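Data first, discussion second: the structure below is written as structure tokens.
The values are calculated or read from the model by the stated rules, or taken from the named source; none is laboratory data. Small disclaimer: the values here were computed from a predicted structure and weren't measured. Glycine also receives a Cβ, built like all others from the backbone with ideal geometry; neighbour counts cover every protein chain displayed. Note: accessible area is taken over every heavy atom of the protein model, side chains too, but ligands, DNA and RNA are not part of it. Shrake-Rupley method; radii C 1.70, N 1.55, O 1.52, S 1.80 Å.
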Amino acid sequence: MGVVFMGAAVLYRVMEIKWNKEDYVHIHHLSEREVPSYRGNIYDAKGEILATSLPFYEASIDLGINNDQLFYKNVDSLAHCLSKYILKNKTKSLIKKELVKGHKEDNRYYKISSRLSYSDCKKLKSFPLLREGRFVGGLVTREYFDRMRPFGDLGRRTIGFTTTDSSEYKGLEKSFHSFLSGKNGSRLMQRVNENQWLPVSSDNIRDPEAGKHIVTTIDMAFQEILNNELEKALKSHRAKAGTAVLMEVETGDIKAMSSLSELGDGSYREILNLSVEDGGDPGSTFKAASVLSLLEDNKVNIQDTVYSHGGFYKIHDVEIRDDKKLPDSLALIDALALSSNATIASLIQEHYHADPISFYGHLEDFGLTEKTGLPLEDEVRPRVKHPEDDRAEWYLTTLPMMAFGYEMRLTPLQILNFYNGIANGGVLMKPRLVSAILDSEERIFREIPPQIRNDRMAKPAAIDEIQKALRRVVTKGTAAKDRVRTICDFAGKTGTVQLNYSEVNHKSELEYAGSFVGYFPLEKPRYSLLVKIVKPADGKIYGAQVALPTFKHILNLVMSTEIEQMQLADTMQHNEDVLIANVHQRAGDLDDYKDVWDYLKVSEELYAKAIAKSDAVLPENVVPDVRQMGLRDALHLLENRGLEVRIKGHGKVVRQSIAPGTPAEGQAIQLILS
């Protein structure tokens with residue numbers, strides 16, 4: 001009986017403790033609150049930061065915690081420091097008056113700022129009274145992170161963004177959210193008024209776990225080229241929108257992807273990623289797929305003479321016309337080079353009307369019937385009619401209309417990927433936008449290697465013949481008359497499509513999109529590129545007029561940039577003085593230099609010399625020269641010296657507001673990026 005009684009007493013005591021704890025938590029308004037995790041970075045292929053999270057701080061003073069002697073001893077000097085460095089819009093006397101009033105009323109929340117930089121928060125913690133810590137001095141800070149894109153709107157829809165309240169993500173921010181986001185921690189906090197919570201202790205219940213980083217295939221040097229050249233073209237032709245995509249032939253890596261839409265005031269911004277979100281009739285760029293199908297099935301050879309119908313072909317009640325009259329017969333290579341609608345449509349109708357599934361099968365092999373698999377959730381699914389599955393919409397004219405790029409919906413990226421496969425000798429790659437995921441310490445967590453979708457789009461002989469035909473487009477076809485010179489040979493296809501042909505009654509109401517897609521250099525293709533200009537309004541409508549010149553400008557700039565980079569690498573490999581001078585003049589993150597030098601097999605002796613010289617000219621108490629540096633390196637150097645960094649523009653640092661060599665005393669420094 002005694003044992004039973006003792007057991008009941010123990011149980012009662014346990015329940016009493018539990019009830020008391022719950023009452024305490026309830027009475028004192030305690031709650032377990034989230035501690036935000038650090039969201040991982042997004043890098044370009046060369047390590048430039050495309051998106052990062054910068055820390056900011058909410059700061060307040062718990063004036064109910066200070067003892068009178070300590071408070072009144074320090075309040076005057078605290079008010080002085082707050083007025084001079086943090087609350088510059090308030091006088092010292094006003095701040096002191098507010099602090100004294102709050103102390104007398106046991107105010108648990110005297111707001112200092114809702115957005116302090118790291119350097120200001122560090123400075124705040126050194127002020128009189130507040131330097132005593134949370135539970136003596138009363139300083140309460142809450143760290144949070146704001147997402148920042150150092151390159152501004154460049155690649156905005158591809159890199160992605162978050163809404164102000166982080167409730168919605170776009171682009172890679174959305175696709176890789178589970179990796180980037182990390183895991184929030186938690187801390188026991190006490191509510192001091194309706195919307196304010198203060199930590200009960202400095203320890204977390206659960207520490208936050210930082211997110212992982214992702215490395216993209218984007219090269220921001222190329223991204224800037226595409227964006228600038230595309231914007232020039234859109235403004236020149238007063239177009240509504242446009243897109244340009246650059247892909248590396250061998251790997252399928254997306255090196256740059258730009259889409260701009262007109263805002264109504266003559267300016268342009270990346271609103272939609274048109275390369276993957278805008279599916280529509282591709283028009284004449286699709287003709288290469290029709291001709292490659294014919295070559296693969298040995299229906300014709302590229303040099304065979306074919307019937308052009310004089311540039312006018314009528315099937316049932318549909319008239320298919322060319323822009324100009326052609327001779328009744330011509331070689332197939334010239335029919336493609338001159339972009340003959342009538343010739344290509346009649347050939348596909350002649351050879352596949354009895355077996356349209358065979359034609360559809362080739363489009364499957366070319367990767368045109370499925371999404372590319374790019375890790376962007378906004379990529380739309382292509383719409384290519386199947387002769388049996390879409391029987392209700394398979395008309396007597398569907399096959400010849402498909403032959404020159406109508407009655408289907410394909411994205412610009414799908415067309416580019418098909419041409420990339422041609423440039424790659426018939427090996428169709430899966431477009432790649434992310435090459436690796438790094439853990440929070442920036443070690444490899446997962447590599448994402450290039451993937452082959454189809455190692456044989458068509459037989460080698462057919463690929464060889466279609467390559468010759470695409471070169472003929474440039475030398476003697478629709479792309480031959482443009483006067484912009486290029487620094488290397490290229491091949492490709494023009495495309496012009498009527499966007500609203502089924503909705504208008506008169507030709508004058510038609511709207512167009514012009515495009516050019518191709519690859520370069522011709523002998524050993526390294527890049528494929530597509531440029532598309534939507535609804536030009538300057539009277540020019542053809543791909544050769546609105547898209548080809550921009551294709552050529554981008555080609556020249558990309559190849560020039562690559563040549564410069566190769567020359568720099570060659571110089572660095574053979575000239576020790578240049579190596580040391582680069583470190584001397586542009587401090588940067590020395591770990592980055594070490595990585596580059598390891599790759600170039602630079603000697604340890606030279607590395608040591610460069611580091612010694614760098615350390616000698618970069619004392620910790622002076623402002624360094626960060627001009628021509630990327631933002632990441634500039635922030636690393638400046639914030640480590642306690643400077644408050646303010647940023648304007650994107651790209652590399654071109655100007656800094658405080659001269660190099662000036663004593664670093666916690667000043668605000670403005671960086672102008674371009």
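In the context of the full protein assembly, residue 85 retains an accessible surface of approximately 90 Å², using a probe radius of 1.4 Å and ignoring ligands and nucleic acids. Only Lys, Arg, Asp and Glu carry charge here, each on its Cβ (+1 for the first two, -1 for the last two); on that basis segment 202-335 has a dipole of about 500 debye about its Cα centre. Sorted largest first by accessible area at a 1.4 angstrom probe radius, with every protein chain in place, the residues 248, 364 fall in the order 364, 248. Electrostatic bookkeeping for residue 457 treats Lys and Arg as +1 and Asp and Glu as -1; over the other residues with beta carbon under 12 Å from its beta carbon, the sum is -1. The separation of segment 62-100 from segment 287-363, counted between C-alpha centres, amounts to 84 Å.
Relative contact order for segment 217-307: 21 percent, from Cα pairs under 8 Å spaced at least 6 residues apart, divided by residue count. For residue 430, the lysines whose Cα falls under 23 Å of its own Cα, not counting residues fewer than eight places away in the same chain, are 46, 170, 174, 255, 287, 371, 385, 459, 493, 524, 532. Of the trypsin sites (Lys or Arg not before Pro) found in segment 356-443, the ones in coil according to DSSP and having at most 10 other Cβ atoms within 10 Å of their Cβ are 443. Within the assembled protein chains, the solvent-accessible surface assigned to residue 445 is about 100 Å², based on a 1.4 Å probe.
Site pair residue 321 and residue 31 shows an inter-label distance of 7.0 nm when each label is modelled 7 Å from Cα along Cα→Cβ. Our note on the geometry: Cα centres of segment 221-265 and segment 407-436, 17 Å apart. Stretched out straight at 0.36 nm per residue, the stretch from residue 100 to residue 391 would grow longer than its current Cα-Cα span by 96.5 nm. Straightening the chain between residue 298 and residue 364 buys 21.9 nm, computed as 0.36 nm per residue apart minus the Cα-Cα spacing.
Separation of the alpha carbons by more than 20 angstrom is noted, of 507/540; 92/648; 235/552, for 92/648.
Here's the picture: charge each Lys and Arg Cβ at +1 and each Asp and Glu Cβ at -1 in segment 260-302, and of 292, 276, 264 the one pushed furthest to the positive end of that dipole is 292. Taking all protein chains together and a 1.4 Å probe, the residues 53, 31 rank 31, 53 from largest to smallest accessible area.
Using a probe of 1.4 angstrom, how much of the accessible area of segment 75-171 is carbon and sulfur, in percent? Ligands and nucleic acids excluded, carbon and sulfur give 48 percent.
Straight-distance candidates among the aspartates and glutamates for linking to residue 97, with alpha-carbon spacing under 20 Å and chain neighbours fewer than 8 residues away dropped: 62, 68, 76, 105, 106. Of the options 127, 177, 85, report the single residue whose Cα projects farthest towards the positive end of the charge dipole of segment 45-177 (beta-carbon charges: Lys, Arg +1; Asp, Glu -1). Ranked along the dipole, the leading option is 85. Residue ranking by accessible heavy-atom surface, 1.4 Å probe, largest first, among 358, 258 comes out as 358, 258. Leaving out ligands, DNA and RNA, what percent of the accessible area of segment 395-492 is carbon and sulfur, probe 1.4 Å? Using a 1.4 Å probe with all protein chains present, segment 395-492 comes out at 47 percent carbon and sulfur.
The lysines within cross-link reach of residue 90, meaning a Cα-to-Cα straight distance under 26 Å and a gap of 8 or more places when in the same chain, are 73, 101, 104, 111, 122, 123, 125. For residue 455, the accessible area of its heavy atoms, probed at 1.4 Å with every protein chain present, is near 110 square angstrom. Which FRET efficiency value, to the nearest 0.05, is calculated for residue 655 and residue 232 with the Förster distance at 30 angstrom and r the Cβ-Cβ distance? Result of the calculation: an efficiency of 0.75.
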